[in-house]
Amino acid sequence: MRPIARILAVFAVFSLVVQPAAAQSVLRDAETEALLEDMAAPLAEAAGLEDVDIVLINDPSINAFVAGGQRIYIHSGLLNAAEDAGEVQGVIAHELGHITGGHVLRHSEGASTAGNITILSLLLGLAAAAAGAGEAGMGIIAAGQQAAMGNYLSFSRVQESSADAAGVEYLSKAGISGRGSLTFFGRLLNQEFRYYRNQSDEAEFYRTHPLSGDRISRLEADYRADPAWDMPTDPALQARFVRAKAKLYGFLAKPQDTFRAYPDSDGSVPARYARAYAYHKDARTPDSLREVDALLAAEPDDPFFLELKGQVLLETGQPDAALAPLRRATELTGAQPLIASMFGHALIATEDAEHFAEAERVLKASVARDRLNPFAWYQLGQIYAAQGDIPRARLASAEQQAMRQQWPEALTSAQAAQAGLDTGTPDWIRAQDIEYQARDALERARDRR
C-alpha cells in the first residue's frame, strides 16, 4: 500500500496549488484611498466599469490582484517600490483587464481541466500500483502531474497576456502614457535577475505569468505607437502619490529606517509626513507634533495633516486637545467616514457625557457611508451601551463581528439584538440579515468539515 499512499499524497499537494490565497490584513487610510480612487477613475471609465474599489493590502511584496467582483487589491510593497503614479496606474489598468475579461470566474475552467488530467493519471497510477507496479504507478502520476500543472500555468499565462493587452487599451483611452507600465515591468525584470530567476523559454513553462522581458518586448511597440506616449504624469497626481507613499512608509517601516530614508535635512512635505509617523511610533510625541505643526504652518486647512495631529494627540492620551483638529478635518472632508470615526472616538475618549450626542451623530453618519468599518461600529456600540440602549449596542457588536467573520459571536449578538428591537424596524431587519448571514457561514463551514 505504500506506493498508493505516496500517489495520494502527491494528489493532495496539487490540490493546494489551486486554492485561493488566504485573506490578508487591509490598510485603511482616507488620503491614500482617495488617491487610489482618483488614479483608477479614468481607467475604469475607459474600461466601461463603474464602482471599482481599490483595496490596499499590508504586504511588502510587489503584487496586485483581483479576487472577484470589481475590487482590485494592491500590496503596500507595490506602492513602496513604484516611483511614479503612472506605474501604479499601469498596474491598475492591467488588473482592470482581468475584471473585464472575467478571469476570476474563468479561473475554475483552468483548474478543472488540470484537475481532470490529475485525476485520470491518479486512477491509472493506482491501477498500476494495485497490479504490483508501484514505481510505474509513481511514474504515471508524476507525468500526469506535470501535464496538469503545465496546462494550468499555460491557461494562467494566456489570461495575463490578455490583461496586458486590455491594459494598453485602457491607458490609451484614458490618455495616460504607457511609460509607467513599462517601467514597472522593468522593475519586475530587475527583481527576477536579482533573485536569479531563469529567463529562458523553457522556464516560462513553470510560471503563471509570461516572462517579464517578453512582456516588455510585446508591449513597448504598442505603447510607443500610442498618442499618449509622451504625455507626462499629472503633476498634481504625482505630488499626491509621493506624499502618500512617504506617509505609508512612515506608518509601516521601523522608525530608524524612516529616519534614514527621510533625514532631518529633508524639509519637504513627504519627508516631514514620514517622520511625523515615525516619531509617533517611536513615542517621541513632541518631535511628531513639531513635524505636523510645520506641515500645518504651510497648509493650515489640509484635512489630512489635521487628521494626523488629532491622531497623535488622541493616541497619546490627549483627547480634549484632539477634538479641534479632528472636528476641522471632519468638516473639511464632508465627514469622510474614516476621519469622522476617529473624531467620534475622540469625543467618547474625553469621557464627557456632553459629547456623547455629537459622537452618536458623527458615528452614525460614518457607518451610513461606510459600513465596512468595524472600529466605527465598536465606538457606536459604546455610545449605545452608555445610553442604556443595549439592543442597538448588540447590533453594533454583530456588525463588527460579521466583518471579522466571527460567525458564532455575530449570530449570538444578532439574535440578542432582535429580541430587544421592535419587529420590522430597519434595525431589526438588519439584525435578522446578520443572523442569516452567520447561519449560512456556519453551515458552510460544517459542510466543509
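Taking amide hydrogens as placed 1.01 Å from N in the peptide plane, the amide H of residue 27 sits under 5 Å from those of 56, 57, 58, each at least 5 positions away in sequence or on another chain.
Any idea how far the Cα center of the stretch 384-404 sits from the one of the stretch 63-80, in Å? Answer, in whole Å: 31. Projecting label points 7 angstrom from Cα along Cα→Cβ for residue 50 and residue 260 puts them 5.0 nm apart.
Counting only lysines at least 8 places from residue 247 when in the same chain, those with an alpha carbon closer than 20 Å to its own are 281, 309.
Partner aspartates and glutamates whose Cα lies under 13 Å from the Cα of residue 254, excluding those fewer than 8 positions away in the same chain, are identified as 282. Calculated accessible area for the stretch 304-415 comes out at 43 Å² per residue, all protein chains present (probe 1.4 Å; ligands, DNA, RNA ignored). Placing one equal scatterer on every Cα of the stretch 382-431 and applying the Debye formula, the log10 ratio I(q)/I(0) at q = 0.19, 0.30 Å⁻¹ is -0.53, -1.08. The simple Förster model, with R0 at 51 Å and r as the Cβ-Cβ distance, assigns residue 221 and residue 422 a FRET efficiency of 0.15.
Subtracting the Cα-Cα distance from 0.36 nm times the residue separation, let me have the gained length for residue 297 to residue 331 in nm, one decimal. Result: 10.3 nm gained on full extension. The modelled label-to-label distance for the pair residue 34/residue 387, using points 7 Å beyond Cα in the direction of Cβ, is 2.9 nm.
In this simple spin-label approximation, residue 442 and residue 354 carry label points 7 Å from Cα along the Cα→Cβ vector, and these lie 4.6 nm apart.
Solvent-accessible area assigned to carbon and sulfur over the stretch 359-412 amounts to 51 percent, based on a 1.4 Å probe. Among 449, 290, the sequence by solvent-accessible area, most first, with a 1.4 Å probe is 449, 290. When the P(r) is computed for the stretch 327-444, the part past 17 Å accounts for 55% of the Cα-Cα pairs.
The values are calculated or read from the model by the stated rules, or taken from the named source; none is laboratory data. Not measured: the values here are computed from a predicted model. FYI the Cβ positions are ideal-geometry reconstructions off the backbone, even for glycines, and counts take in every protein chain you see. These accessible areas exclude ligands, DNA and RNA; they are computed on the full protein's heavy atoms, side chains included. Shrake-Rupley method; radii C 1.70, N 1.55, O 1.52, S 1.80 Å.
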